[in-house]
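The values are calculated or read from the model by the stated rules, or taken from the named source; none is laboratory data. Note that the structure is predicted; figures quoted are calculated from it, not measured. So basically every Cβ, Gly included, is an ideal-geometry build from the backbone, and we count neighbours across all protein chains shown. Calculation scope for accessible area: heavy atoms of the full protein, side chains included, ligands and nucleic acids excluded. Shrake-Rupley method; radii C 1.70, N 1.55, O 1.52, S 1.80 Å.
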Amino acid sequence: MTVNPEVASAGSSTGASLRKAGDTASMSSEPNKPPLRPLGGGHGRRPELVFKSLAVAAAAIIVGSIALIALFLLIRAVPSLGADQVNFFTSTEFNTGDADNLRFGIRDLFMVTVLSSAFALIIAVPIGVGIALFLTRYAPKQLARPFSMLTDLLAAVPSIVYGLWGLLVLAPYLKPVQHFLNDNLGWFFLFADGNVSIAGGGTIFTAGIVLAVMILPIITSVAREVFALTPAAHIEAAQALGATKWEVVRMTVLPYGRSGVIAGSMLGLGRALGETIAVLLILKTSADAGGWSLFDGGFTFASKIASAAAEFSAPLPTGAYIAAGFVLFVLTFVVNALARFVAGGKVNG
């Protein structure tokens with residue numbers, strides 16, 4: 001069988017042309033795609049790095065400021081501590097009138113500060129938690145909103161107003177209560193006879209109640225916000241099991257808000273530890289040492305420093321008060337560290 005060369009060549013040229021055409025079609029249907037690049041081009045990570053640097057710088061400023069404050073207090077306190085003629089931690093004296101014979105200790109200052117603040121916390125925490133539970137779980141919305149605003153407004157009252165109210169209004173009403181506790185529970189050291197007269201009302205007992213009113217808005221506000229964030233699924237699960245409203249609160253709301261309540265309590269305790277004017281107005285001074293009684297008088301760290309601000313002229317006497325301020329500074333850090341340990345290192349919400 002013979003094949004026509006012209007037909008064969010024509011067929012081969014036609015097939016070649018078809019293959020070329022097919023190749024061209026397939027190539028044209030898949031255009032060249034550029035390689036994927038990060039969002040924002042080559043500068044995509046620059047804003048992130050800038051923001052990270054700013055955040056790190058902000059955190060470093062806070063830590064550095066605290067460290068510098070501590071360093072300043074320590075440097076100014078060391079010369080006075082070296083010139084102190086009595087034990088700084090155990091002495092009840094605080095006499096800085098003679099720079100050549102400094103005799104100062106923080107025993108009574110520490111006692112009054114811790115006792116008044118702890119007494120205020122014991123009163124304020126249960127009341128604050130109860131108010132927060134009422135506003136978030138029991139009160140209707142029409143009542144909860146104005147009641148919350150009223151509670152928060154207590155934080156706007158100046159300290160000096162609280163001090164005048166505690167001294168002139170509250171103290172006379174507390175006098176029968178203090179006499180009753182002293183007469184019936186005087187065998188217990190907290191209610192034993194103090195170093196000031198109960199009749200005047202200028203005792204740690206009165207100051208502690210005033211401090212409790214002052215820190216109540218802080219504790220209530222934090223507890224209210226945390227309780228309101230309790231997951232609805234937890235509450236519905238408890239209700240599905242037939243739990244009453246109190247059982248729902250006890251099994252879901254309180255466990256979820258435990259760390260928040262602790263955080264709010266520590267914020268309130270920090271306010272109580274550093275309160276100055278109200279405590280200075282209420283507490284009576286005494287020449288006798290305190291005995292860890294709620295019916296003692298005296299000074300807290302903050303009120304003692306404020307009362308002697310006019311005497312800050314000579315370096316050594318001033319350093320004595322700075323040393324007391326450094327102890328208060330360390331005390332607040334210890335309290336907050338313990339709070340974070342008890343709360344598990346986190347705050348729910």
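The residues of the range 137-186 that are within 16 Å of Val226 (Cβ to Cβ), touching a Ser or Thr at 6+ places or on another chain (Cβ under 8 Å) and not small (Gly, Ala, Ser), listed by number, are Thr151, Asp152. Among the residues of the range 182-200, those that are without any contact (Cβ under 8 Å) to a residue 60 or more places away in the chain and either surrounded by 23 or more Cβ atoms within 10 Å (Cβ to Cβ) or not polar (S, T, N, Q) (or both) comprise Asp183, Leu185, Gly186, Trp187, Phe188, Ala199. Taking the conditions exactly as written (at pLDDT 55 or above and assigned to a helix (DSSP H, G or I)), does Leu68 satisfy them or not? Yes: the conditions hold for Leu68. Evaluation of Ser197 against the conditions (1) at pLDDT 90 or above; (2) within 17 Å of Gly291 (Cα to Cα) shows that the sole unmet condition is (1). Here Phe329 meets the list (1) under 30 Å from Leu135 (Cβ atoms); (2) at pLDDT 90 or above almost entirely, failing just condition (1). In the range 270-294, the residues that are touching a residue at least 12 places away in the same chain (Cβ under 8 Å) reach residues that are among the aromatic types (Phe, Trp, Tyr) and open to solvent by less than 30 Å² (accessible area, probe 1.4 Å) with C-beta atoms within less than 6 angstrom, at least six apart or across chains, in these pairs: Ala278/Tyr162; Leu294/Phe205. Considering (1) among the charged types (D, E, K, R); (2) open to solvent by less than 50 Å² (accessible area, probe 1.4 Å); (3) over 30 Å from Ser91 (Cα atoms), the lone condition that Glu236 does not fulfil carries the number (2). With respect to the conditions (1) within 21 Å of Thr90 (Cα to Cα); (2) touching a Ser or Thr at 6+ places or on another chain (Cβ under 7 Å), Gly270 lacks only one, and its number is (1).
Out of Ala77, Ala120, report the one residue that is buried (at least 17 other Cβ atoms within 10 Å of the Cβ), closer than 26 Å to Thr151 by Cβ, among the small types (Gly, Ala, Ser) and modelled with pLDDT of 90 or more. Reasoning before the result, please.
Working: Ala77 fails: closer than 26 Å to Thr151 by Cβ.
Checking each option against the conditions leaves just Ala120.
If we keep just the residues of the range 80-92 that are part of a helix (DSSP H, G or I) and open to solvent by 60 Å² or more (accessible area, probe 1.4 Å), which is farthest from Tyr321 (Cα to Cα)? Top of the filtered list is Gly82.
Scanning the range 124-147 for residues that are in a helix (DSSP H, G or I) and open to solvent by 50 Å² or more (accessible area, probe 1.4 Å) yields Pro126, Ile127, Phe134, Arg137, Tyr138, Lys141, Gln142, Leu143, Arg145, Pro146, Phe147. Given the criteria of a type in the set (D, E, K, R), within 26 Å of Ala118 (Cβ to Cβ), in contact (Cβ under 8 Å) with a residue 40 or more places away in the chain and open to solvent by 70 Å² or more (accessible area, probe 1.4 Å), does Arg258 qualify? When the stated conditions are applied, Arg258 passes them.
State yes or no: is Phe329 more than 30 Å from Ile75 (Cβ to Cβ) and either in contact (Cβ under 8 Å) with a residue 60 or more places away in the chain or open to solvent by less than 10 Å² (accessible area, probe 1.4 Å) (or both)?
For Phe329, the condition - more than 30 Å from Ile75 (Cβ to Cβ) and either in contact (Cβ under 8 Å) with a residue 60 or more places away in the chain or open to solvent by less than 10 Å² (accessible area, probe 1.4 Å) (or both) - is not met.
Within the range 149-156, one or more residues are in contact (Cβ under 8 Å) with a residue 12 or more places away in the chain, over 30 Å from Gly325 (Cα atoms) and open to solvent by less than 50 Å² (accessible area, probe 1.4 Å).
The residue pairs whose first member lies in the range 296-320 and is on the phi > 0 side of the Ramachandran plot, whose second member is surrounded by 14 or more Cβ atoms within 10 Å (Cβ to Cβ) and in a helix (DSSP H, G or I), and whose beta carbons are closer than 7 Å, counting only pairs six or more residues apart or on different chains, are Gly298/Asp108; Gly298/Val112.
Of the residues that sit in the range 287-316 and are more than 22 Å from Ser80 (Cα to Cα) and among the aromatic types (Phe, Trp, Tyr), which one is least open to solvent (accessible area, probe 1.4 Å)? Outline the logic, then answer.
We begin by selecting, within the range 287-316, every residue more than 22 Å from Ser80 (Cα to Cα); these are 287-298.
Right, trim to among the aromatic types (Phe, Trp, Tyr) and you get 292, 295.
Numbers: Trp292: 85, Phe295: 0 Å².
Per the stated criteria, the residue is Phe295.
Can you confirm whether the range 263-285 contains a residue that is assigned to a helix (DSSP H, G or I), on the phi < 0 side of the Ramachandran plot and of a type in the set (S, T, N, Q)? Yes: the range 263-285 contains one or more residues that are assigned to a helix (DSSP H, G or I), on the phi < 0 side of the Ramachandran plot and of a type in the set (S, T, N, Q).
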